[in-house]
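Accompanying notes for the structure given below.
The values are calculated or read from the model by the stated rules, or taken from the named source; none is laboratory data. All values reported here derive from a predicted model rather than from experimental measurement. FYI the Cβ positions are ideal-geometry reconstructions off the backbone, even for glycines, and counts take in every protein chain you see. These area figures cover heavy atoms from the full protein model, side chains too; ligands, DNA and RNA do not enter into them. Shrake-Rupley method; radii C 1.70, N 1.55, O 1.52, S 1.80 Å.
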Amino acid sequence: MTLFLKDATFLDWQSFEIKRTDLAVADGPQGEISFPKAQPTEAALTPQDRLIDCAGKLVTKSFGCGHHHIYSTLARGMPAPRKIPENFNEILQYVWWHIDKRLDLEMIEASALASAVYCAKNGVTFIIDHHASPFAIKDSLSTIAKAFDQIGVAHMLCYEISDRDGEALREEGLAETDTFLAAGHQGHVGLHASFTVGDELLNKAVALAQKHHTGLHIHVAEDRADQEDALAKHGMRVVERLHRAGALELRTSIFPHCIHLSDTEKELIRQSGIWVAQNTESNQNNNVGLAGYASLTDNVMLGTDGMHCDMLRSAQAAFLAGQATESIGFDNIYQRFRNVHRYIRECGAHGDADNNLVILDYDAPTELTSNNFLGHFVYGLDARHVETVICQGRIIVENRVVTTVNEDEVLAFARDMGTKLWDKM
Ligand SMILES: [Zn+2]
């Protein structure tokens, strides 16, 4: 099957070269794009081929999310917690750990489907998710994978293992991870954060990641409390602890946040080549502080931390906050927005080839050129411009409607599951 895009304004996402061209998009996880001299006539198309008229539309590579939580999907509009949290630990205790302990497989499926619908409609075709559901651990990852596959978005998943609910659930988290990765799925060994992970679990997680040739995905120094806990219990800071356990030798590890680091910790991260995921809006929402990353490492990608499913919004939020924290420029924020592709390539993961594309109906009031694209990226482009989305050569959103599932049914299912979850809270 080949998808033909006729008369597109194609923007090369790396060189910013812009050209009026026809495209042929091959399907499959490693599918290529090419620029044929002439498009086939309608009569020459096979029944499986498709031709989309892209006159006046901007076509470029679709987007990826470096740190997401589908488990937060059903939290939108939920009843207030029993106690209004006064610090980060209370936010976890009274909000997120209160929710995730009540999730069952049906709610997880609904959360993953709805979240993937939103991601797809926002042009996000690759999702790196970090999941928790302490009383529905078994099969949680395969449930999410199946839901993402149904929508047609590519993924790397993990279960957020911790010691917060005792040894039995910790072992279940390790087993779910081992089973999922052994089945050939792309993913990480997920850990919640240093302050909920004991030494035995940390060592087991590193060994499991080594076994499956992957990295850890663990929240790092999101709040000062993570550092205070590591110093009190282990006599060292969070990144030093992860370093001693061997986590920094796992080059594809992702450390979301990294807000409160010492110079020594920054140096360890810089030297290791591991990855940091920046989640500005979540940090603002939890009032944990904001970090500048320019002096930390070039391996920074952007995430949502489950706040929403819109990576253009994440980039613009990080750009605005970055004025105060690190005087960030247009080129730096665009690089961070696109670094997820470099990360996926370094992992050797599938699902992010050149045949992942967005067709944007971008109604610019001024001329768009290779030289000023970054200005349009920061101040102009947003999710409402995403008209059609192609993942692995397959159309998953067309004219702003998901083509792979019935959106109304997915959202009705999510609302039912939301009610079920809230009734248990
Ligand atoms: Zn997170």
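Annotation: the antiparallel percentage among DSSP beta bridges lying fully within the chain is about 45.
With a/c under 1.5 counting as rounded, go ahead and sort the range 72-204 into rounded, prolate or oblate using the C-alpha gyration tensor (a ≥ b ≥ c being the square roots of the eigenvalues; past the cut-off, prolate if a/b is larger than b/c, else oblate). It is oblate, given that a/c is not under 1.5 and a/b is not larger than b/c.
Between residue 397 and 389, 403, the built amide H atoms are under 5 Å apart, and every one of these is 5 or more places off in sequence or on another chain. 3J(HN,Hα) couplings calculated from phi for the range 134-147 with the Karplus curve 6.51 cos²θ - 1.76 cosθ + 1.60 (θ = phi - 60°) are, in sequence order, x, 10, 8, 7, 4, 6, 5, 5, 5, 5, 5, 4, 5, 5 Hz; Gly and Pro show x.
When the chain is treated as a GNM with alpha-carbon contacts under 10 Å, the residue of 399, 203, 372 showing the greatest mean-square fluctuation is 372.
Comparing 295, 15, 327 in a Gaussian network model of the chain where C-alpha atoms under 10 Å apart are linked, the largest mean-square fluctuation is found at 15. Could you work out the relative contact order of the chain? I mean the mean sequence separation of Cα pairs under 8 Å and 6+ apart, divided by the number of residues, in percent. Value for the chain: 20 percent.
Hey, got the dipole for the chain? About the Cα centre, +1 on K and R Cβ, -1 on D and E Cβ, debye to the nearest 20?
Details: 38 positive and 58 negative charges, 46 e Å.
Dipole of the chain, to the nearest 20 debye: 220 debye.
Suppose all protein chains stay in the model; what accessible area per residue would a 1.4 Å probe give for the chain, in Å²? Don't skip to the answer; put the middle values down first.
Details: 17090 Å² over 425 residues.
Result: 40 Å² per residue.
For the chain, with the dipole built from +1 on Lys and Arg beta-carbon atoms and -1 on Asp and Glu ones, taken about the Cα centre, which of 114, 366, 28 lies farthest toward the positive end? Comparing the listed Cα positions along the dipole, 366 ranks first.
In whole percent, what relative contact order does the range 289-425 give with Cα contacts below 8 Å and a gap of six or more residues? Let's see the in-between values first.
Values: 122 pairs, mean separation 27.1, N = 137.
For the range 289-425, the relative contact order is 20 percent.
For an R0 of 35 angstrom, estimate the FRET efficiency from the Cβ-Cβ distance between residue 423 and residue 179 and round to the nearest 0.05.
Values: r = 31 Å, r/R0 = 0.88.
Computed FRET efficiency for residue 423 and residue 179 comes out at 0.70.
Charges only on Cβ, +1 for Lys and Arg, -1 for Asp and Glu: so what's the dipole of the range 89-139 about the Cα centre, in debye to the nearest 20? Please list the in-between numbers first.
Details: 4 positive and 7 negative charges, 18 e Å.
Dipole about the Cα centre, nearest 20: 80 debye.
Within the shell defined by Cβ-Cβ distances under 15 Å, the residues around residue 45 carry a net charge of -3, with Lys and Arg each +1 and Asp and Glu each -1.
If I take R0 = 30 Å and measure r between the Cβ atoms of residue 416 and residue 84 in this structure, what FRET efficiency does the formula 1/(1 + (r/R0)^6) give, to the nearest 0.05? The partial results should precede the final answer.
Details: r = 28 Å, r/R0 = 0.94.
My answer for the efficiency is 0.60.
Remark on the chain: 54, 65, 158, 258, 347, 391 stand apart, with no other cysteine beta carbon under 4.7 Å. For the range 236-358, the square roots of the Cα gyration tensor eigenvalues, ordered a ≥ b ≥ c, give a/c of at least 1.5 with a/b no greater than b/c, which places it in the oblate category. The dipole here belongs to the range 132-245: it is taken about the Cα centre, uses +1 on the Cβ of Lys and Arg and -1 on the Cβ of Asp and Glu, and is about 300 debye. Rank 224, 82, 170 by mean-square fluctuation in a GNM of the chain with C-alpha springs under 10 angstrom and give only the top-ranked residue. Highest fluctuation of the listed residues: 82.
Roll a 1.4 angstrom probe over the protein heavy atoms and tell me the percent of accessible area of the chain that is carbon or sulfur.
Details: 8260 of 17090 Å².
Summing carbon and sulfur atoms, their accessible area is 48 percent of the total for the chain.
Taking every DSSP helix (H) stretch of at least 4 residues in the chain, weighting each as -39,500 (n - 2.57) and dividing the sum by the residue count yields a mean residue ellipticity at 222 nm of -11500 deg cm²/dmol.
Dipole orientation for the range 192-316: of the candidates 275, 193, 246, 246 has the Cα lying most toward the positive pole (charges on Cβ; Lys, Arg +1; Asp, Glu -1).
Rank these by accessible area, largest first, 1.4 Å probe: 62, 142. Could the numbers behind the result be given before it?
On the way: 62 0, 142 50 Å².
So the residues, ranked largest to smallest area, are 142, 62.
Shape analysis of the chain places it in the prolate category; the axes a ≥ b ≥ c from the Cα gyration tensor give an a/c of at least 1.5, with a/b above b/c.
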